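Structure first, commentary second.
The values are calculated or read from the model by the stated rules, or taken from the named source; none is laboratory data. Just so it is clear, the model here is predicted, and its values are computed rather than measured. Here the Cβ positions follow ideal geometry from the backbone for every residue, glycine too, while neighbour counts run over all protein chains shown.
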Amino acid sequence: MNTAKILIVDDERDICHLIQGILEDEGYETLYANSSKEAKEKLSQYKCDLVILDVWLQTGSSDGLELLDKIMDETPNMPVVMISGHSTIEIAVSAIKNGAYDFLEKPFKTDRLLVMLKRALEFSKLKDENQNLRQTSKTQPTSITGKSNIITGLKQEALRTAVSNSRILITGEQGTGKKNLARFIHQNSSRKDKPCIIVPCTEANDEATVSRFDNALISASGGTIVFDEIGRLSSYMQDRLSQYLKTGQVNNEQVDVRIISLASPDLEKKVKEGRFKTDLFYRLNVVPLSLPRLRERMEDIEILMDAFHGEFSKTDKNLSSQLGSSAMIRIRAYDWPGNNRQLKNFVEWLNITGLADKDKISADELPDYLSEKEEGDIENDGLLANCVDLPLREARENFEIAYLQAQIMRFGGNISKTADFIGMERSALHRKIRSLNINTNKTEEVNDTTKNVVKAG
C-alpha cells in the first residue's frame with residue numbers, strides 16, 4: 001500500500017483529475033492545484049512527498065519552472081516530476097538541471113508514470129537517509145578508547161592506514177566498536193571533509209536494495225563508504241560490488257570512494273564454504289584490521305566505563321572510583337560476550353537506576369548476570385569446599401593462588417598496581433607469583449576456584 005501524498009499541479013482540471021484517479025487507484029493520497037499560487041498555498045498547508053508539475057501553467061509562460069525553483073529553494077529534497085505536452089529538449093534539460101527528478105511528455109503511459117513516481121520517491125527517501133547518516137557521523141565518537149598494548153598498537157596501525165587510500169577490512173565480534181574504528185580512520189584521512197556513509201548490508205537483492213546501494217556509493221563520492229557486515233551481502237550484490245571495484249562506475253557515472261568493510265570473524269569461513277566470493281574478499285581485504293574482544297583488554301575496562309559514564313552523566317566524577325573492590329573484581333571476572341556495547345548498556349543501567357550517583361557501589365548492587373554461574377558449575381564447588389578437607393598449608397596456598405589471580409585480573413595484569421593494592425613490594429609479589437606458578441599472561445582465563453572467590457566478593 002502506497003502512503004505517499006502527491007500534489008498534482010496543472011492548469012487543466014481534466015488532466016489533474018485523470019492523474020488523481022490513476023494515483024488513488026494505486027493507494028496514493030493526492031491533492032491538486034490549477035495555478036502556481038494555489039500550488040504554493042497547498043505546499044504551505046500540507047506535507048507532500050512528491051510534486052507532479054506542468055511546465056506551462058495558465059499564465060502562458062514557463063511558470064512551472066519558476067515554481068520548481070521556489071520548491072527547490074524551500075525543500076531541496078522534494079522530488080518533482082515535470083510534465084508537458086509541448087516542450088523542447090532545452091526546457092526538459094533546464095528543468096532537470098534546476099532540480100527536477102525527471103521529465104515526462106504528454107500523453108504518457110500510466111505504467112511509465114507509476115514507475116517514475118516509485119523511483120522518485122525511493123530516490124528522495126535515500127537522499128533523506130544519507131543526509132541523516134552524514135549528520136549522525138558528525139556526532140558519533142571518532143576516538144578509540146583505551147591504553148592497553150593491544151589498543152595502542154591498533155591506533156597506530158589505524159593512523160598509518162588512514163593516510164592511504166587502501167581498502168580496509170575490519171573484523172571483530174559484535175559490539176567491539178568496528179563502526180567507531182571506521183569513523184576514526186575516515187576522520188584521520190584526507191577525505192575527512194567528505195561524507196562517511198555507513199551502509200547496513202542485507203541478503204536482499206530487490207530493486208529497492210540495488211537503488212539504495214547505488215545511491216549510497218554516489219552520495220559518498222569523494223569520501224568513505226562503510227559496508228556494515230559485508231558477509232551478509234547476497235551473491236547478486238557481491239557481483240554488483242565487484243563490478244564497481246573493477247570499473248569505478250555506478251550507472252555509467254564515475255564514483256571515487258574509499259571502501260571500508262566490517263565483518264564478523266567468520267567471514268573467512270564463509271569464503272571457504274563458497275558463501276562469499278573469494279575474489280571479492282581479496283579485493284576488500286587489502287589492509288586487515290582486527291578488533292579485540294573486551295575480555296582480551298580488561299585493563300581498559302575502567303577507562304571505557306568512565307568514557308561511557310561521561311555520555312550519560314552531567315557530573316565530572318569517574319565511575320570507576322565509585323566501584324568498590326568486590327564490585328570491580330566481579331566486573332572484571334565477567335566475560336562480557338556483548339563486548340563494549342554490553343559494557344555501555346551496563347553503565348547506562350547504573351545511571352538509570354541512580355547507582356552511578358552513589359559514593360560507593362558494592363558487588364551486591366550489581367546485576368545478577370554478572371555473578372551467574374556458568375553451565376557446568378556446581379554450587380558446592382566453592383573455595384571453602386575445596387579447602388576444608390585439605391591440610392592448612394595446602395589450603396592456604398590454594399587461597400593465595402585464587403586471591404592473587406583475582407587481584408591481578410582486577411588490575412588487568414599490572415603487577416605494580418596489584419602490589420600497591422595488596423601491600424606487597426613489587427619484587428616480592430613477582431617471587432610469590434613464580435613460587436605459586438601463577439600465569440599472569442592469561443588473566444582473563446580464570447579457573448573455577450578464582451571464579452568462586454570473585455562471586456563470593
Per the list (1) closer than 16 Å to residue 333 by Cβ; (2) modelled with pLDDT of 70 or more; (3) out of contact with any Leu (no Cβ under 6 Å at 6 or more places or on another chain); (4) not small (Gly, Ala, Ser), residue check on residue 417 breaks on (1)
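In segment 408-417, which residues are under 37 Å from the mean Cα position of the chain (by Cα) and free of Cβ contacts under 8 Å to residues at least 12 places away in the same chain?
Selection gives 417 alone.
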If you check 233, 280, which single one turns out to be of a type outside the set (Gly, Ala, Ser), under 20 Å from the mean Cα position of the chain (by Cα) and buried (at least 17 other Cβ atoms within 10 Å of the Cβ)? 233
Six or more apart or on different chains, Cβ under 7 Å: which pairs go from a residue in segment 193-208 that's part of a loop (DSSP other than H, G, I, E, B) to one that's charged (D, E, K, R)? Could you list them? 195/134; 201/228; 201/229; 201/232; 202/232; 203/232
List the strands (runs of 3 or more DSSP E) that sit entirely inside segment 224-293 and contain at least 3 residues that are of a type in the set (A, V, I, L, M, F, W, C). 224-228, 258-263
Quick one: residue 65 ticks every box in (1) modelled with pLDDT of 90 or more; (2) within 22 Å of residue 88 (Cβ to Cβ) bar one, so which box is it? (1)
Hey, among 290, 261, which residue is in contact with a strand residue (DSSP E or B) (Cβ under 6 Å, 6 or more places away or on another chain), among the hydroxyl-bearing types (Ser, Thr, Tyr) and over 30 Å from residue 416 (Cβ atoms)? 261
Determine, yes or no, whether residue 23 is under 17 Å from residue 105 (Cβ atoms) and under 40 Å from the mean Cα position of the chain (by Cα). no
Here are some residues: 350, 343, 355. Which one is free of Cβ contacts under 8 Å to residues at least 24 places away in the same chain, under 23 Å from residue 314 (Cβ atoms) and surrounded by 15 or more Cβ atoms within 10 Å (Cβ to Cβ)? 355
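For (1) at pLDDT below 85; (2) part of a loop (DSSP other than H, G, I, E, B), each residue gets a yes or a no:
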{"residue": "373", "(1), (2)": "yes, yes"}
{"residue": "379", "(1), (2)": "yes, yes"}
{"residue": "396", "(1), (2)": "yes, no"}
{"residue": "399", "(1), (2)": "yes, no"}
{"residue": "403", "(1), (2)": "yes, no"}
{"residue": "427", "(1), (2)": "no, no"}
{"residue": "430", "(1), (2)": "no, no"}
{"residue": "451", "(1), (2)": "yes, no"}
Looking at (1) under 34 Å from the mean Cα position of the chain (by Cα); (2) free of Cβ contacts under 8 Å to residues at least 60 places away in the same chain, can you tell me which one residue 117 breaks? (2)
In segment 1-46, how many are closer than 17 Å to residue 117 by Cα, of a type in the set (D, E, K, R) and either touching a residue at least 40 places away in the same chain (Cβ under 8 Å) or buried (at least 21 other Cβ atoms within 10 Å of the Cβ) (or both)? 3
